[in-house]
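Heads up, the thing below is written out as C-alpha cells.
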Amino acid sequence: MAGATTWSGADADDDGRPSDRRRERGLRTRRNIVRAAIDLIEAGNPRPTTEQVARRAGVSTRLVFHHFRRLEVVIRLAAELQAGRHRSFVAIIPPRGPLPARIAAICRQRRKLFEATGPVLRVAYARELDTPGLTEVLGRQRALLRQQLEVTLGPEISSHGGEPELLIDILENTTGWQYWSGLRFEAGLSSSAAERAMASAVSELLDRSGR
C-alpha cells in the first residue's frame, strides 16, 4: 500500500540495533498527527495549517516536519486512513435477486461511506492535483466501488446492447463521490433524499440501457 513506509520508518540506536521502543513511539506520533488532521477537517477546517495540526496532536511543528516533511503527506495519509477505516461499508453484493433491491443496497452503502468520509474526501479531491500520491489513494477507492458495480449489476451491464464499458463508466460517475457531493452540498438534499436520488438515477440508466 502506498504510504506504508511513512508509517513504519525504522529507528535505530547508535550502535545500529533497531529500537522497538523508539519505532513504536514514532509510529504513535505519526498516527496522532494524521488523526489530528482528520479531526480538524471534520470540525470544519478544510485547510489546516501545520501549526494547527501540531497543536491538535500535542506535538511541536518541528516534529510534524520531522516525520512528514510536508503537510501534503499528512493529508494523503488522512485520506488513506479514512478509506481503510470505512472500507467495510462497501460489500460486494451477489448479482441475484430483484434489481431494485440491489440498486438500493449499493446506494445505501454509498450513503454510509460518503457521509462518514465526506469531509476528508472533499479536502482530498480539492487537493488531489497538488498532493503527490493522493490520486493513487483516491483511485484505489474508486476501483473498489467500480468493482462492486461490475459484480452486483453484472447481469444488467452484460446485457447492455451498446457499450458495456461506457455504461459502467456512467454508473461509476453516478454513484461516485462527486455526484453525491453535488446532491448534498449543491442541491442541498438530505442524506436520505440524496440516496433516493442516486438510486433513481441508477435505475433510469439501467432501464434505458435495457430498452
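The values are calculated or read from the model by the stated rules, or taken from the named source; none is laboratory data. Only a predicted model underlies this, so the values are computations on that prediction, with no experimental measurement involved. Glycine also receives a Cβ, built like all others from the backbone with ideal geometry; neighbour counts cover every protein chain displayed. Areas reflect the complete protein model, heavy atoms only, side chains present, ligands, DNA and RNA absent. Shrake-Rupley method; radii C 1.70, N 1.55, O 1.52, S 1.80 Å.
So, E172, is that one among the acidic types (D, E) and in contact with a helix residue (DSSP H, G or I) (Cβ under 6 Å, 6 or more places away or on another chain) or not?
Details: among the acidic types (D, E): yes; in contact with a helix residue (DSSP H, G or I) (Cβ under 6 Å, 6 or more places away or on another chain): yes.
When the stated conditions are applied, E172 passes them.
I'm trying to understand the selection: among the residues of segment 7-54, which are open to solvent by less than 90 Å² (accessible area, probe 1.4 Å), modelled with pLDDT under 80 and of a type in the set (D, E, K, R)?
If the condition is that a residue be open to solvent by less than 90 Å² (accessible area, probe 1.4 Å), modelled with pLDDT under 80 and of a type in the set (D, E, K, R), then D11, D13 are the ones that fit.
Considering only segment 38-82, state which residues are over 21 Å from the mean Cα position of the chain (by Cα) and aromatic (F, W, Y). Give the derivation first.
We begin by selecting, within segment 38-82, every residue over 21 Å from the mean Cα position of the chain (by Cα); these are 49-52, 54-67, 69.
Within segment 38-82, just F65 meets the criteria.
Using beta carbons and a limit of 8 Å, which pairs, at least six apart or on different chains, have the first residue in segment 12-27 and within 19 Å of L81 (Cα to Cα) and the second one modelled with pLDDT of 80 or more?
Cβ pairs passing all conditions: G26/H67.
Do the conditions hold for L171, that is, is it under 20 Å from the mean Cα position of the chain (by Cα) and more than 23 Å from R85 (Cα to Cα)? Let's see the steps before the verdict.
Numbers: under 20 Å from the mean Cα position of the chain (by Cα): yes; more than 23 Å from R85 (Cα to Cα): yes.
Yes, satisfied.
Is it true that P95 is of a type outside the set (A, V, I, L, M, F, W, C), in contact with a Pro (Cβ under 9 Å, 6 or more places away or on another chain) and closer than 30 Å to T50 by Cα?
On the way: of a type outside the set (A, V, I, L, M, F, W, C): yes; in contact with a Pro (Cβ under 9 Å, 6 or more places away or on another chain): yes; closer than 30 Å to T50 by Cα: no.
No.
Do you know which residues across segment 80-116 are open to solvent by less than 10 Å² (accessible area, probe 1.4 Å) and at pLDDT below 95?
Within segment 80-116, the first condition is being open to solvent by less than 10 Å² (accessible area, probe 1.4 Å), and the residues that meet it are 82, 103, 106-107, 110, 113-114.
If the condition is that a residue be open to solvent by less than 10 Å² (accessible area, probe 1.4 Å) and at pLDDT below 95, then Q82 is the only one that fits.
State which residue pairs qualify: first residue in contact (Cβ under 8 Å) with a residue 60 or more places away in the chain and inside segment 124-143, second residue part of a helix (DSSP H, G or I) and open to solvent by 40 Å² or more (accessible area, probe 1.4 Å) in any location, beta carbons under 7 Å apart, and separation of 6 or more residues or different chains.
As it stands, the answer is P132/E72, since those pairs meet every condition given.
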